[in-house]
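Written below as structure tokens is the structure these notes are about.
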Amino acid sequence: MYKKTGFHFDVRLEKDTNKIKYLSKNENLSFKSDIDSPNKNIKNQLIIGDNYDALKNLLINYRNQIDVIYIDPPYGKDDMGQFAETNYNNAITRDNLLSMLYPRLQMAKQLLSEDGVIFCSIDDKNQAYVKCLFDDIFGENNFLMDAIRKTKSTTNDAKEGINIQHESLLIYSKKRENVSLLHGEKDFTNYKNPDNDPLGTWIIADPSAKSGTKENNYFSITNPYTGTVDYPPEGRFWCFSKNTVQSHIDSGRICFKKEVNEGERGFIYKRYKNDLRTTKRTFDSLGFVDNLYLNQVGTKELKNLNLVDFFKYPKSVNFIKEIIDSCSHKNAKILDFFAGSGTTGQAVLELNRDDNGQRSFILCTNNEKTEMNPNGIAYDVTSKRLKRVMTGECYDGSNDFKWIQDNEALGGDLEVVDISECDDVVDFNEMSPFELIDETLYGLDKFENIADKIKWVCENFKFTMKSLDEEHSSNSKENE
Ligand SMILES: C[S@@+](CC[C@H](N)C(=O)[O-])C[C@H]1O[C@@H](n2cnc3c(N)ncnc32)[C@H](O)[C@@H]1O
């Protein structure tokens, strides 16, 4: 039994009304990209609106199906004076923050798959409170760790001798026994260094993998000494691209044999222990060695997309890539329901590009309007960023941004949806709200008759609400 401390909830921020909120496609902002890349034909979604309604809708189709959730909520501020310093209008008090997160985390838990993991960035001041809330909802047993990320390296703001250079990353599983962060322990006993290689201990690794594409990962490699020509084994691909072969040769990762016996491959592929993510970085100090995940890195990334004037303090793409890669497979569904500038979307797309994955993302951000983004964050930043990195072009067809000079467009499809609402009246544009929802959201042929449709919609909406309450009361009982 443990005692709950420190919680102060504001009165419930969302009132359940009779209005039904549903997702409706925004045709103007949605797009498909025909760029040939591992992301091709993968459907991703950006939901514009309050994540409370978005999560309720997502529960209908994605209950127990999301592999990774990353959230970066607005941090609670202690007093109104600090509101002005934040970049979004809805800068909130801590009590607001806790009250807002509470029902959303309950829904997030229901969306997570049985081996799913949720990550939450949070600052030093709010960490303790938000951790208690997570403990309450996910259960202390499911707490994996509180990793810290280095946010900056400057010291000139250390007026009082205190210079906070990190923030927290709370990590929880849905079921701890199902999760292996950083893909579990590795056995390093077979890593040796018989040739005194300056890069350290290594093993001979399989240079082929099941995943890959014919265009990028199927080609011949010729041994310059013996002329032996190798292709990937049947049904497999090289686990590197043509472009990286030369750098692997230069770095000594691909070593050609001077003599090749019948049936042997003409080269060996060395995997160094130092190349393994598990040893290169650990989760308790993200970016402290290499400054890879500083806030300024994320800012530079937005600058390269010509969006830096519209959004402050985005996370860095590599930070989110590290998180996703640490705990999920290549087909993972990733959700970020405080998506802000859309860093998580870009991270998913880049991971697929890097390892031929088939991951997809669902992002949600409200369309908060600030002086920086008069049309709202979703319109001025999130959708524009995704359009630029996925297609290599802006919505108006121009491509006057630096990122595209250094990168190839990442590809993939984006469905942008708004949260629409209809009154719970029988006659809405000559349709019942259920017909409207069904037609808009679920397609006309899902049910044979209107009675079934109504029953289904009612049950699903009610179920969501009911299980929220049940979840709450059973958790409270467990913790008593
Ligand atoms: C700290 S920012 C996230 C930044 C993001 N990680 C990035 O890299 O750009 C939090 C975002 O959540 C959005 N937000 C706040 N409350 C929300 C809500 N109730 N529903 C949806 N989005 C919300 C804010 O507009 C803000 O853009």
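The values are calculated or read from the model by the stated rules, or taken from the named source; none is laboratory data. These numbers come from a predicted model, not from an experiment. When we count neighbours, we look across all protein chains shown, and the Cβ atoms used for this are built from the backbone with ideal geometry, even at glycine.
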Quiz item: Considering only residues of the range 69-102 that are away from the ligand (no atom under 12 Å from the Cβ) and not in a helix (DSSP H, G or I), which is modelled with the highest pLDDT?
Solution: ILE69
Quiz item: Pairs, please: C-beta under 6 Å, at least 6 apart or cross-chain, first residue modelled with pLDDT of 90 or more and in the range 169-186, second aromatic (Phe, Trp, Tyr)?
Solution: LEU169/PHE119; LEU170/PHE134; ILE171/PHE119; TYR172/PHE134; TYR172/PHE138; TYR172/PHE143
Quiz item: What is the residue count in the range 320-341 for residues that are among the hydrophobic types (A, V, I, L, M, F, W, C) and either part of a strand (DSSP E or B) or modelled with pLDDT under 95 (or both)?
Solution: 6
Exercise. Find all pairs meeting these conditions: Cβ atoms under 6 angstrom apart; at least six residues apart or on different chains; first residue within the range 302-326 and assigned by TED's automatic domain parsing to the domain that holds THR391; second residue more than 9 Å from the ligand (Cβ to nearest atom) and assigned to a loop (DSSP other than H, G, I, E, B).
Key: ASN304/LYS402; LEU305/PHE401; ASN306/PHE401; PHE310/MET372; PHE310/ASN373; SER316/TYR293; ASN318/LEU292; PHE319/TYR293
Practice problem: Determine whether GLY345 is more than 16 Å from the ligand (Cβ to nearest atom) and among the small types (Gly, Ala, Ser). | Solution: no
Quiz item: How many residues does the range 362-390 contain that are modelled with pLDDT under 95, within 9 Å of the ligand (Cβ to nearest atom) and charged (D, E, K, R)?
Solution: 1
Quiz prompt | Checking ASP10 against (1) modelled with pLDDT under 85; (2) exposed (fewer than 14 other Cβ atoms within 10 Å of the Cβ), the condition it does not meet | solution = (2)
Quiz prompt | Positions within the range 325-342 being away from the ligand (no atom under 12 Å from the Cβ), within 11 Å of the chain's Cα centre (by Cα), surrounded by fewer than 24 Cβ atoms within 10 Å (Cβ to Cβ) and not hydroxyl-bearing (Ser, Thr, Tyr), in sequence order | solution = ASP325, ALA332, LYS333
